[in-house]
Amino acid sequence: MTETIQRDEDAAAWPSRRNLLLGALGAVSAGVGAAVAEQVWKRKDLSARFFNTLSIEAFDLPPTPGLTFADGRPMPGFGAADLASKRSLLYLWASYCPSCRAEHHLLMALAQKGVAIYGADVKDDPANARSFLAEHGNPFVAVGQDQRAFLQRALGARGVPASFVVAPGPKIDVAILGPIDESAITTRILPALAKNA
């Protein structure tokens, strides 16, 4: 004698173990994926890449905390307005950068010739920047912090050092993405700084 089992159509259907396991695995995977995406977003600083509003015509860098001139006055940050009316050298640097360290004496020589050099300190620890300039000399008329490299990216530089002769406007007249040497100073930077317009 066979017994037939009738299913109650009104009873709630219970998910199988397989469906429960797949659902739990999917939830864990989604959480891990979201955490990985967040870390990549932060590490690559994708917000700076996609939502960067800075340009040579519109930026304002805050001063490096505790950085002073030799006479004790606080050294200011700077922005586009500071570069708008005169020719100057905008130099992107960091204390951790070996090339910046190697060519620092060239900047000191330019400053002694009366060149106005604005330093954008990129992704640097303010204490390290202060220590570096105290030890090697400060060629800058102002130093601004570019902690998230927004200005660096806006100017098309992939890293430091990078040197820009800025003409009135402000607009970039000469861009050197990478280290400079005596030849670059003599043939590119000084002639651009000497132009009238």
- Task: Go through region 153-174 residue by residue and tally those that are free of Cβ contacts under 8 Å to residues at least 24 places away in the same chain, within 16 Å of Ser88 (Cβ to Cβ) and open to solvent by 50 Å² or more (accessible area, probe 1.4 Å).
- Result: 0
- Message: Among the residues that make up region 41-56, is at least one of them in contact with a Pro (Cβ under 7 Å, 6 or more places away or on another chain), open to solvent by 50 Å² or more (accessible area, probe 1.4 Å) and at pLDDT 90 or above?
- Response: no
- Message: Take the conditions closer than 16 Å to Ala149 by Cβ, touching a strand residue (DSSP E or B) at 6+ places or on another chain (Cβ under 6 Å), open to solvent by 40 Å² or more (accessible area, probe 1.4 Å) and among the charged types (D, E, K, R) and apply them to Asp121. Does it pass?
- Response: no
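Condition first: under 22 Å from Asn196 (Cα atoms), part of a helix (DSSP H, G or I) and free of Cβ contacts under 8 Å to residues at least 60 places away in the same chain. Can you find one or more residues in region 136-152 that meet it?
no
The values are calculated or read from the model by the stated rules, or taken from the named source; none is laboratory data. Please read all numbers here as calculations on a predicted model, not as lab measurements. Glycine also receives a Cβ, built like all others from the backbone with ideal geometry; neighbour counts cover every protein chain displayed. To get the accessible areas, we keep the full protein, side chains included, count just its heavy atoms, and leave off ligands, DNA and RNA. Shrake-Rupley method; radii C 1.70, N 1.55, O 1.52, S 1.80 Å.
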